[in-house]
Amino acid sequence: MSLDKSEVQKIAWLARLAIDEQDIPNYSVELSNILDLVERMNSVDTDGISPLAHPLELPARLRGDEITEKDQREHFQKHAPLTDEGCYLVPKVIE
Amino acid sequence: MHQSTLAQLSAALESKEISSEELTRLYLERCKKFNDSLNCFITINEDEAIKKAKLADQQRAENKHTALTGIPVAQKDIFCTNGIKTSCGSKMLDNFIAPYDATVVEKMNAAGFIMLGKTNMDEFAMGSSNETSFYGPVKNPWNTDYVPGGSSGGSASAVAARLTPIATGTDTGGSIRQPASLCGITGLKPTYGRVSRYGMIAFASSLDQGGPMALTAEDAALMMNVIAGFDERDSTSAEQQVDDYTKNLNNSIEGLKIGLPKEYFGEGLDSNIAKIVEDGIKELEKLGATCKEIELPNTELSIPAYYVVAPAECSSNLSRFDGVRFGYRCDDPKDLSDLYTRSRGEGFGKEVKRRIMIGAYVLSAGYYDAYYLKAQQIRHLIRDDFQNAFKDVDVIAGPTATGTAFKLNEMIDDPVSMYLSDLYTVSVNLAGLPAISVPAGFDNNLPVGLQLIGNYFEESRLLNIAHQFQQATDHHKAIPEGFE
Amino acid sequence: MEWETVIGLEIHAQLATKSKIFSGAATTYGAEPNTQACAVDLGLPGVLPVINKEVVAKAVKFGLAIEAEIPPKSVFARKNYFYPDLPKGYQISQFELPIVSTGHIDIQLEDGTTKRIGVTRAHLEEDAGKSMHEGFGDYTGIDLNRAGTPLLEIVSEPDMRNAKEAVAYMKKIHSIVRYLEICDGNMQEGSFRCDANVSVRPKGQEEFGTRAELKNINSFRFVEQAINIEVERQIDILEDGGEVIQETRLYDPNKNETRSMRSKEEANDYRYFPDPDLLPVEIENSFIEQIRGQLPELPDAKKQRFIDEFKLSEYDSGVLTAQKEMSDYFETCVKAADGEAKLSSNWITGELAASLNKENKDITESPVSAEMLGGMVKRIKDDTISGKIAKQVFEAMWNGEGNADSIIESKGLKQVTDTGAIEKLVDDVISNSPDQVAQYQAAPDDKKGKLIGYFVGQIMKQSQGKANPKQVNELLRKKLKI
């Protein structure tokens, strides 16, 4: 499997990662090498094998519907990059 | 005093041979003295540690203490610590002061441990050499030209150099066991779900597990008694009853059936390492264990499957680092996309970006079945291999790592070779099993670890075997030159 | 060419729980920004979700109400995309294994027939926060109070063929979730909102046309308007030889138009995968049966019961059972009216509904309680007051002047039933109206009914409406025969 420049750019955008134009060839080689490694999986036939998402196949434990959290806005926002009137700020979004 | 185990320190504190404050100062001095050369701490928590130590002495004076009250510890910088920087080895969180304590931290604080500081690690626990840290590489105290392993390299190096009596680590693909092996200490990766993941910054949620990194199996057992157990804040934590991990330490291992996977002793394993590991296993035979060759036929596939599952989960887990609510934010973002791409592009290091991109790719439309689903199927095969093996044997033994520590910068530009060096550790994570690495000897003055893998929730048995091994051997007592 | 419209709806119903779906933060509406966003809702590093049992119970309740299958196992998955009001960079939702499988509901069409609409699935997910684009200068403000609020997304089959059917479907789902008390149904606060998938195709063609998804419509009226305007737009495009493109569009009620939302289009590769922080939810039969036992009488069943038990028309019964509070009001009223159902129904769907409508009030805000209205109906039934006088009584009750009996008493509205007194009135009017008497007596029998109205009117006027109209009629007929 080899990823070309446009595929690297597409993935980088999907993951919202700015990468330098000059680094793309390098990423392209490295990611392709990793995918080659990953593709060794194809050496085994897994037809009919159920996927295992968790090692311990247990059901979820559900919690009761109780309010256990109190307002900690100030505490949480103390180190936030940019806030105003209790809101987190991002550059204006145009919908 | 700094060469003591937890049990010895506990006795010294109990007999008033030393106070917690004296002990804490002693270790803090060592941390400060050696951190320049080893770089194993990102944060040294001096003032707070001394304050807590004084409080511990008071609690001891008032008889309101546990056996561990006043004993210093180091926390891997992946665990959130309220009011203290929690960087996860990343520029992304260089300015992040965690607003809460991880469950592990909360439990250790409650038991009276004194936190000396936060240990260095590979960025977001992604690495096997501790070279991906934003804070620079950690050095191996056995030879500072060499890496300590990763990702819990700071903890391993600090324990080996006796800068802390014990430390926490986390293990997603070998991150406790491999650095333990490379630094000559004892590291236990518990069963998935045994130790709460709440407050432990997630790398790959279905693989991550926290555990102790210690000088001895007995010390690891003492820490496990504190940190193991069900946590209602972690949906994946097991409701299974917790053992007293010290209870069986002194049991005989007479009659123990050990499986030796032929895949763990094949090509790819350094012959010197093989010899040391085999000697270690002979030692266990002398103690009454019997050995038998077994097969784990899908071992080879564990690395490819791991490098799908772990990046997929990490690409999603690390999406929350977006420069909006906490952590790094780029300067003067011109719009929302710019805020996202630059904050993430500048805040994450190269290895993290590689893994995020691999993860995004394998989950993307059209590739899910070929990669992610396939990897989860292989995961099933790997778990079944282990379960078949455990029908015949009690534990599985083999090397922890393919070699001893390698030189700094030796593999940094070759991620695939680095990934392949995790051959003996990652399948344990895919299956969710417990495993321990114990010092088994030296090759060229660099430590070699013996790995023991147990069935689910058999930490007690692993600790028992490791303890018996350490009663019969001295490898774990060796101290790197210059750190005596 | 003749076109056929195809509509499918995705309704988001906010489940009425005290705490959020994956955290213990409160779900109360309208709090100060970010005061109800806890560490888990903010997606702080290291936090983990834990599923709220009540959310699962409410979803199962809905499933049972629409006769859907409840699969034994359901799985939460991550839907990955970046948006500032989505704190973790993914939404925890359900993808392959939803909590509720295929079900259906019946809707009433305007011609009185019933149509069955399929529900493909209903799945649980967490709501996102809110982005505020005004008031922060060059910035958008993010409030994450709503993040993590439990939503049940109810996905219909593309079974609806016009906007009216879509509205009927939405109203029916609204009615059901309110009956079940799993959602407060408040559309202004966004607790009940919908996306509509709309396409058109030449009549007779089997294949669906390309659809547009209309986002976030929060009123029944807007659903109808948005669909109609979108259908018009698509037909215009097709008739001009163009092609409809698959996209997300936003309905603007002010301009009554839909417009493309390009910002939502960028991230269409959601990279769904099972959330590794959560284990599968397993639903045991005993749990389902326990919830089945808690199911209330649902609108369709109640409607049939009203028809059978109270002999109401299908139409009236439908109106009275559409809203649970309305049906409760009716039943309380009938009880207070000693079982007088028909009159109670007439008064509720007539005078009361008109008054509520005029003041834009909901039945739950009615100044006239069900007991009060029933008390009045009782007085109509036992001839204490006439229907006409009752209007005065109702108005007085509406204005807070007390209950029916006290108003009748204080205003002296009691009907005159004393035969002697009425006879005197009748005699007076007959003797004062010789011309009308002659006209009446000369008229053929089939015209007499109309002419008698004059005398009744006069007598009622004289009695200020209090004479018993039935008695007046009987006496007049008797006396005018001579």
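The values are calculated or read from the model by the stated rules, or taken from the named source; none is laboratory data. Predicted, not measured: the structure shown is a model, and the values here were computed from it. Here the Cβ is made from the backbone with ideal geometry for all residues, glycine too, and neighbour counts use every protein chain on show. Ligands, DNA and RNA are excluded from the accessible area calculation, which covers all protein heavy atoms including side chains. Shrake-Rupley method; radii C 1.70, N 1.55, O 1.52, S 1.80 Å.
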Report task. Within the stretch B:389-421, track down each residue that is hydrophobic (A, V, I, L, M, F, W, C) and more than 14 Å from chain A (Cβ to nearest Cβ). Result -> B:ALA389, B:VAL393, B:VAL395, B:ILE396, B:ALA397, B:ALA401, B:ALA405, B:PHE406, B:LEU408
Report task. Mind counting the residues in the stretch B:182-230 that are open to solvent by 10 Å² or more (accessible area, probe 1.4 Å), out of contact with any Lys or Arg (no Cβ under 7 Å at 6 or more places or on another chain) and under 16 Å from C:GLY46 (Cα atoms)? Result -> 1
Query - Matching residues in the stretch B:249-262 - criterion: being closer than 27 Å to B:ASP422 by Cβ and surrounded by fewer than 20 Cβ atoms within 10 Å (Cβ to Cβ) - result: B:LYS257, B:LEU260, B:LYS262
Report summary line: Selection over the stretch A:81-93 where residues are surrounded by fewer than 18 Cβ atoms within 10 Å (Cβ to Cβ) and either in contact with a strand residue (DSSP E or B) (Cβ under 6 Å, 6 or more places away or on another chain) or within 23 Å of B:ARG233 (Cα to Cα) (or both) yields a count of 3
Requested in this report: Out of the residues in the stretch A:40-95 that are within 7 Å of chain B (Cβ to nearest Cβ) and among the β-branched types (Val, Ile, Thr), state the one that is nearest to C:VAL40 (Cα to Cα).
Outcome: A:VAL90
Report summary line: The residue from B:GLY349, B:GLY359, B:GLY366 that alone is open to solvent by 10 Å² or more (accessible area, probe 1.4 Å) and either touching a residue at least 40 places away in the same chain (Cβ under 8 Å) or of a type in the set (S, T, N, Q) (or both) is B:GLY349
Query - Options A:LEU37, A:LEU31; residue that is within 8 Å of chain B (Cβ to nearest Cβ), assigned to a helix (DSSP H, G or I), without any contact (Cβ under 8 Å) to a residue 24 or more places away in the chain and open to solvent by less than 10 Å² (accessible area, probe 1.4 Å) - result: A:LEU37
Query - Condition met for B:ILE281 (of a type outside the set (Phe, Trp, Tyr), on the phi < 0 side of the Ramachandran plot and not assigned by TED's automatic domain parsing to the domain that holds B:TYR456) - result: yes
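Conditions (1) in a strand (DSSP E or B); (2) surrounded by fewer than 15 Cβ atoms within 10 Å (Cβ to Cβ); (3) without any contact (Cβ under 8 Å) to a residue 40 or more places away in the chain, marked per residue:
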{"residue": "C:ALA196", "(1), (2), (3)": "yes, no, no"}
{"residue": "C:LYS215", "(1), (2), (3)": "yes, no, no"}
{"residue": "C:PHE222", "(1), (2), (3)": "no, no, yes"}
{"residue": "C:ARG233", "(1), (2), (3)": "no, no, yes"}
{"residue": "C:LEU238", "(1), (2), (3)": "no, no, no"}
Query - Options B:ILE276, B:ILE281: the member that is in contact with a Gly (Cβ under 6 Å, 6 or more places away or on another chain) and surrounded by 16 or more Cβ atoms within 10 Å (Cβ to Cβ) - result: B:ILE276
Query raised in the report: When residues of the stretch B:304-346 are filtered for being within 27 Å of the chain's Cα centre (by Cα), more than 10 Å from chain C (Cβ to nearest Cβ) and either crowded, with 24+ Cβ neighbours inside 10 Å or at pLDDT below 95 (or both), how many remain?
Result: 8
Query raised in the report: So which residues in the stretch C:55-95 are more than 14 Å from chain B (Cβ to nearest Cβ) and either at positive phi or not hydrophobic (A, V, I, L, M, F, W, C) (or both), if there are any at all?
Result: C:LYS58, C:LYS61, C:GLY63, C:GLU67, C:GLU69, C:PRO71, C:PRO72, C:LYS73, C:SER74, C:GLN94
Requested in this report: Can you confirm whether the stretch B:33-54 contains a residue that is among the hydroxyl-bearing types (Ser, Thr, Tyr), over 21 Å from the mean Cα position of the chain (by Cα) and farther than 27 Å from B:GLN209 by Cα?
Outcome: yes
**Report entry** the stretch A:7-20 - residue that is open to solvent by 70 Å² or more (accessible area, probe 1.4 Å) and free of Cβ contacts under 8 Å to residues at least 12 places away in the same chain and, of those, farthest from B:GLY345 (Cα to Cα)
**Finding:** A:LYS10
**Report entry** Candidate set from the stretch C:134-171 (those that are closer than 14 Å to C:ILE11 by Cα and either part of a loop (DSSP other than H, G, I, E, B) or open to solvent by 30 Å² or more (accessible area, probe 1.4 Å) (or both)); member that is farthest from the other protein chains (Cβ to nearest Cβ)
**Finding:** C:LYS171
Query raised in the report: Has the stretch B:363-370 got any residue that is in contact with a helix residue (DSSP H, G or I) (Cβ under 7 Å, 6 or more places away or on another chain), at the interface with another protein chain (Cβ under 7 Å from one of its Cβ atoms), in a loop (DSSP other than H, G, I, E, B) and modelled with pLDDT under 95?
Result: yes
Report task. Quickly run through the stretch B:62-95 and pick out the residues that are at the interface with chain C (Cβ under 10 Å from one of its Cβ atoms) and closer than 17 Å to B:TYR198 by Cβ. Result -> B:ILE78, B:PHE79, B:CYS80, B:THR86, B:CYS88
**Report entry** Lone unmet requirement of (1) within 12 Å of another protein chain (Cβ to nearest Cβ); (2) of a type outside the set (Gly, Ala, Ser); (3) part of a loop (DSSP other than H, G, I, E, B); (4) free of Cβ contacts under 8 Å to residues at least 60 places away in the same chain for C:GLN36
**Finding:** (4)
Query raised in the report: Quick check: is even one residue across the stretch B:88-106 farther than 29 Å from A:GLU74 by Cα and of a type outside the set (Asp, Glu)?
Result: no
Query raised in the report: If you take the residues of the stretch B:79-112 that are more than 21 Å from the chain's Cα centre (by Cα) and charged (D, E, K, R), which of them is surrounded by the most Cβ atoms within 10 Å (Cβ to Cβ)?
Result: B:LYS91
Query - Residues (within 23 Å of B:ASP171 (Cβ to Cβ) and of a type in the set (Asp, Glu)) located in the stretch B:444-484 - result: B:GLU458, B:GLU459
